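Below: the structure, in structure tokens.
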Amino acid sequence: MTDYYRISKSEGESLVKTARAVVTEFLRNNRKMKLDEKFENTFSFNSGVFVTINNPEGLRGCIGYPLPDKKLFNALADAAIAAATEDPRFHSVSSDELDKITFEVTVLTPPMEIKVENTSDYPSKIKVGRDGLIVKVGLNSGLLLPQVPQEYGWNEEQFLEHTCEKAGLSKDHWKKKETKIQKFEGIVFKEQSPNGKIFQVIL
């Protein structure tokens, strides 16, 4: 087990279960759970990762690390706690919500800059259902995971527009030369229901 491409279904289940366990321990006892040695050994490679928490109304929190700067086992635990307690769009998840929320883990490939001669070529260089996007201009940065455009039924151009808006930019900012656009892929595992069966999302 060395990288994103080789994550098995059972390993994906382990990632999601651990994300839930880490958040449960943190919310109930205000401490970071000590991870199992086997889990640490399995996920000791560097990788980007995002943890998404949903409730019946929709998104409840989503935080992660786009770059492979940390060991995956560490990045997962930190992202899970942050998704539950630090997403600025939401108030912190409470322990009473644990039976009402589902956990989703996305393990990322390293982002690669998309090079184009003309900015109008960007839509042809990305694929909805495969790629996630990062848009950067100066200090502005926005990221959307690969599953997002599928969930909303966007095409490639709409995906670019919404990622620009996530970065706090106008939706057509992807057409400007100053805009840097990166793409990455993700492997996604999620709970079907709170504490329920875990499955791989086929993008």
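Taken together, the residues in segment 119-128 that are surrounded by 13 or more Cβ atoms within 10 Å (Cβ to Cβ), touching a residue at least 40 places away in the same chain (Cβ under 8 Å) and either closer than 14 Å to Glu161 by Cα or over 26 Å from the mean Cα position of the chain (by Cα) (or both) amount to 3. Just for segment 173-203: of the residues that are among the aliphatic types (A, V, I, L, M) and part of a loop (DSSP other than H, G, I, E, B), which one is surrounded by the most Cβ atoms within 10 Å (Cβ to Cβ)? Restricting to residues being among the aliphatic types (A, V, I, L, M) and part of a loop (DSSP other than H, G, I, E, B), the top hit is Leu203. If you check Leu139, Leu144, Leu160 for being free of Cβ contacts under 8 Å to residues at least 24 places away in the same chain, outside the structural domain of Pro194 (by TED's automatic domain parsing) and surrounded by 13 or more Cβ atoms within 10 Å (Cβ to Cβ), only one passes: Leu144. Among the residues of segment 21-35, none qualifies, meaning not one is surrounded by fewer than 22 Cβ atoms within 10 Å (Cβ to Cβ), of a type outside the set (A, V, I, L, M, F, W, C), touching a residue at least 12 places away in the same chain (Cβ under 8 Å) and under 26 Å from Lys166 (Cα atoms). Look at (1) within 20 Å of Leu203 (Cα to Cα); (2) assigned to a loop (DSSP other than H, G, I, E, B); (3) in contact with a Pro (Cβ under 9 Å, 6 or more places away or on another chain); (4) of a type outside the set (Asp, Glu) and you find that Trp154 fails only one, number (3). Restricting segment 46-56 to residues that are surrounded by fewer than 17 Cβ atoms within 10 Å (Cβ to Cβ) and within 17 Å of the chain's Cα centre (by Cα), the residue that is modelled with the highest pLDDT is Asn55.
Among the residues here, Lys177 qualifies as among the basic types (Lys, Arg) and either closer than 19 Å to Val116 by Cβ or in contact with a Leu (Cβ under 9 Å, 6 or more places away or on another chain) (or both). Being surrounded by 18 or more Cβ atoms within 10 Å (Cβ to Cβ) and β-branched (Val, Ile, Thr) holds for only one residue in Val116, Val105, and it is Val105. Checked against the criterion of being small (Gly, Ala, Ser) and either under 30 Å from Asp96 (Cα atoms) or in a strand (DSSP E or B) (or both), the candidates Ser120, Ser170, Ser141, Ser124 yield just one match: Ser141. Taking Gly153, is it more than 16 Å from the chain's Cα centre (by Cα) and surrounded by fewer than 21 Cβ atoms within 10 Å (Cβ to Cβ)? So Gly153 passes the test.
For Glu185, the stated conditions do not hold, so it cannot be described as within 15 Å of the chain's Cα centre (by Cα) and closer than 20 Å to Lys100 by Cα. Inside segment 22-56, residues that are under 19 Å from Ser10 (Cβ atoms) and of a type in the set (Lys, Arg) make up a count of 1.
The values are calculated or read from the model by the stated rules, or taken from the named source; none is laboratory data. This structure is a prediction, so every number in the text was calculated from the model and none was measured. All Cβ positions, glycine included, derive from the backbone under ideal geometry; neighbour counts span all protein chains shown.
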